[in-house]
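This report concerns only the one structure given below.
The values are calculated or read from the model by the stated rules, or taken from the named source; none is laboratory data. Everything quoted here is computed from the prediction, not taken from an experiment. Cβ: placed from backbone, ideal geometry, glycine included. Neighbour counts: every protein chain shown. Remember, those area values only see protein heavy atoms, side chains included, never the ligands or the DNA or RNA. Shrake-Rupley method; radii C 1.70, N 1.55, O 1.52, S 1.80 Å.
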Amino acid sequence: QDNARQKYTELVSSLVSAESAGQKKDASPEEGRHDGYETILVTTKNNITKIMFNRPDRKNAINHKMYREIIKALEEAGKDDSTIAVITGNGDYYSSGNDLNNFTNIQPGEMEKMAKDGAVLLKEFVGRFIDFPKPLIAVVNGPAIGICVTVLGLCDIVYASDRATFHSPFSQLGQSPEGCSSYLFPKIMGLAKASEMLLFNKKLTAAEACVQGLVTEVFPDRTFQKEVWARLEAYASLPKNSLAVSKQLLRSVEKEKLHEVNSKECEVLKERWLSDECVNAIVSFFQKKSKL
């Protein structure tokens, strides 16, 4: 028994020294930056992998390339040595959702392929959130629209600045909910409030989103980054495997159901994208925008 205890002590000591060596290595902000990304910034520091939407000039709108890069970043973050993963936005916006340029410049003969490919990409994207093995925390630094709002239900914690807003204008664009929101939002906020948001395009303030359970906590914008990151660093010092196992217990019951919902939502969206109603709504949106 003493021998076993001695081995345990040695193991813990070696882990602690390895961890402190790792923290020293991360002292420089640019260290730990992952290469190979253009639309997002991915860094690992203090046991936290941070995935930052990085198209601030486009309000972090998500184009096809960005979808693929986020999928890759989530896949890598799920396997790396970090304890938790964090998603946030660079600049004033968290994300303005789908880059509507994804829907423009498509020849009539290509519509069906665009809809099919788009549904496959979206299904994989949402699937990565469903299957993410570690605690996943959204740090919503500003307005959030569309897909980046709906997947918040798949994050474990959502911290928001008091200047953040949450908007999912699906019917305005002739589309339908995704990100498992058709199932999770009624569970999180009740059917009536979810309907207001998903059917009738109601935009929520951070305070409203918090009252309704979509957001965990709201912070004043001036202290947002400081308060949130201090908390995240404390979370990241907790035992990594314990957190991962506990997350699996919380999430595993529903995983199969969520994949089923994701498949159904993507099927419905594929049909929507091919409908005249959706095409006309997007054209009308661009016309209004050009008049502003």
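Miscellaneous remarks
- Flag if Gly78 is surrounded by 16 or more Cβ atoms within 10 Å (Cβ to Cβ) and either at pLDDT below 95 or at positive phi (or both): no
- Of the residues making up the stretch 152-187, those that are among the aromatic types (Phe, Trp, Tyr) and open to solvent by 10 Å² or more (accessible area, probe 1.4 Å) number 2.
- Residue within the stretch 94-114 that is open to solvent by 10 Å² or more (accessible area, probe 1.4 Å) and among the β-branched types (Val, Ile, Thr) present: yes
- Candidates are the residues of the stretch 264-292 that are hydroxyl-bearing (Ser, Thr, Tyr) and either outside any helix (DSSP H, G or I) or open to solvent by 50 Å² or more (accessible area, probe 1.4 Å) (or both); the one that is modelled with the lowest pLDDT is Ser290.
- Screening Ile87 with (1) modelled with pLDDT under 95; (2) in contact with a Cys (Cβ under 8 Å, 6 or more places away or on another chain); (3) not small (Gly, Ala, Ser) gives one miss only, at (1).
- Filtered residues of the stretch 246-292 (kept if among the aromatic types (Phe, Trp, Tyr) and either under 24 Å from the mean Cα position of the chain (by Cα) or under 18 Å from Pro108 (Cβ atoms) (or both)): Trp273, Phe286
- Check on Val261, in a helix (DSSP H, G or I) and surrounded by 15 or more Cβ atoms within 10 Å (Cβ to Cβ): yes
- The set of residues from the stretch 220-230 being open to solvent by less than 70 Å² (accessible area, probe 1.4 Å) and under 22 Å from Thr49 (Cβ atoms) comprises Phe224, Val228, Trp229, Ala230.
- Count of the stretch 235-246 residues, restricted to those that are closer than 17 Å to Thr44 by Cβ, open to solvent by 50 Å² or more (accessible area, probe 1.4 Å) and not hydroxyl-bearing (Ser, Thr, Tyr), is 2.
- Residue within the stretch 188-201 that is under 27 Å from Pro133 (Cα atoms), open to solvent by less than 40 Å² (accessible area, probe 1.4 Å) and part of a strand (DSSP E or B) present: no
- The lone criterion from (1) surrounded by fewer than 21 Cβ atoms within 10 Å (Cβ to Cβ); (2) not in a helix (DSSP H, G or I) left unmet by Ile130 is number (2).
- Extreme residue, nearest to Ala234 (Cα to Cα), among residues of the stretch 25-42 that are at pLDDT 95 or above and either crowded, with 17+ Cβ neighbours inside 10 Å or small (Gly, Ala, Ser) (or both): Val42
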